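Okay, so here's the structure we're looking at.
The values are calculated or read from the model by the stated rules, or taken from the named source; none is laboratory data. Predicted model only: the values in this text are computed from it and were never measured. Because the Cβ atoms are built from the backbone with ideal geometry, glycine has one as well, and the counts that use them run over all protein chains shown.
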Amino acid sequence: MFQKITLLAFVLAVVSCQKKESVEKDKIKMADWLIGNWENKSAEGILSENWEKLNDSTFNATSYFIKGKDTLHFETIVLAQKGETLTYFATVKGQNEDKAVAFPSTAETDKQLVFENPKHDYPQKITYTQSAGNTLTAEISGTLNGKPSSEKFVMTKK
């Protein structure tokens, strides 16, 4: 009887660990639509974000804004899932001593990802929304110089 109980406990432990592992990777799977090269061309310049999947729990991206021949903004992004937490790490060249700023997710759906860090100077919120026709909208928002502010960037998949 003791052997049967021990065996049952072992089987339950293995099954629950396997289920937890698949749950852990489900959140980042919701972001698969980010993978690829995205671009927004405007009179001000060209904004590009290039996303790639590194492994089952990590995506990597570069984001840059070019006006003419000048790169006005360069950022590296890591989207990582550790445990059940999906976090957006942004490193902007020349800001925050070139260290990553973490934005934990506050909402994930098949079409939208929301990341927030209320302690960051600006932005405090980053939202990616998948739209029809191979487009996505990236929005940064929060308080800037004591006033509410937001910027939207509609990008098309290349």
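Here T137 fulfils each of the conditions (1) in a strand (DSSP E or B); (2) touching a residue at least 12 places away in the same chain (Cβ under 8 Å); (3) out of contact with any Phe, Trp or Tyr (no Cβ under 9 Å at 6 or more places or on another chain) apart from (3). Collect the residues in region 116-158 that are surrounded by 14 or more Cβ atoms within 10 Å (Cβ to Cβ), within 21 Å of N37 (Cα to Cα) and among the hydrophobic types (A, V, I, L, M, F, W, C), keeping them in residue-number order. Passing the criteria: I126, L136, A138, I140, F153, V154, M155. Please find, within region 61-88, the residue that is nearest to V114 (Cα to Cα) out of those that are buried (at least 18 other Cβ atoms within 10 Å of the Cβ) and among the hydroxyl-bearing types (S, T, Y). The extreme case among them is Y88.
When F89 is tested against the conditions (1) in a strand (DSSP E or B); (2) within 20 Å of K152 (Cβ to Cβ); (3) among the aromatic types (F, W, Y), the lone failure is (2).
I want to confirm something. Restricting to region 35-65 and keeping residues that are farther than 17 Å from A138 by Cα and hydrophobic (A, V, I, L, M, F, W, C), which single residue is farthest from the chain's Cα centre (by Cα)? Filtering first and then ranking leaves A43. The residue of region 91-108 that is modelled with the lowest pLDDT, among those that are closer than 16 Å to S63 by Cβ and surrounded by fewer than 11 Cβ atoms within 10 Å (Cβ to Cβ), is G94. Scanning region 1-28 for residues that are surrounded by 15 or more Cβ atoms within 10 Å (Cβ to Cβ) and either out of contact with any Ser or Thr (no Cβ under 9 Å at 6 or more places or on another chain) or modelled with pLDDT under 50 (or both) gives a single hit, E24. The set of residues in region 21-80 being in a strand (DSSP E or B) and of a type in the set (A, V, I, L, M) consists of I46, L47, L54, A61, I66, L72, I77, V78, L79, A80. None of S48, S57 is modelled with pLDDT of 95 or more, out of contact with any Lys or Arg (no Cβ under 7 Å at 6 or more places or on another chain) and of a type in the set (G, A, S) except S48. Just a yes or no: is a residue in region 103-121 without any contact (Cβ under 8 Å) to a residue 12 or more places away in the chain and under 16 Å from K158 (Cβ atoms)? Checked region 103-121: no residue is without any contact (Cβ under 8 Å) to a residue 12 or more places away in the chain and under 16 Å from K158 (Cβ atoms).
Do we find that I77 is in contact (Cβ under 8 Å) with a residue 12 or more places away in the chain and more than 29 Å from D26 (Cβ to Cβ) in this structure? Break it down into steps so the answer makes sense when it comes.
Numbers: in contact (Cβ under 8 Å) with a residue 12 or more places away in the chain: yes; more than 29 Å from D26 (Cβ to Cβ): no.
Judged against the criteria, I77 is not a match.
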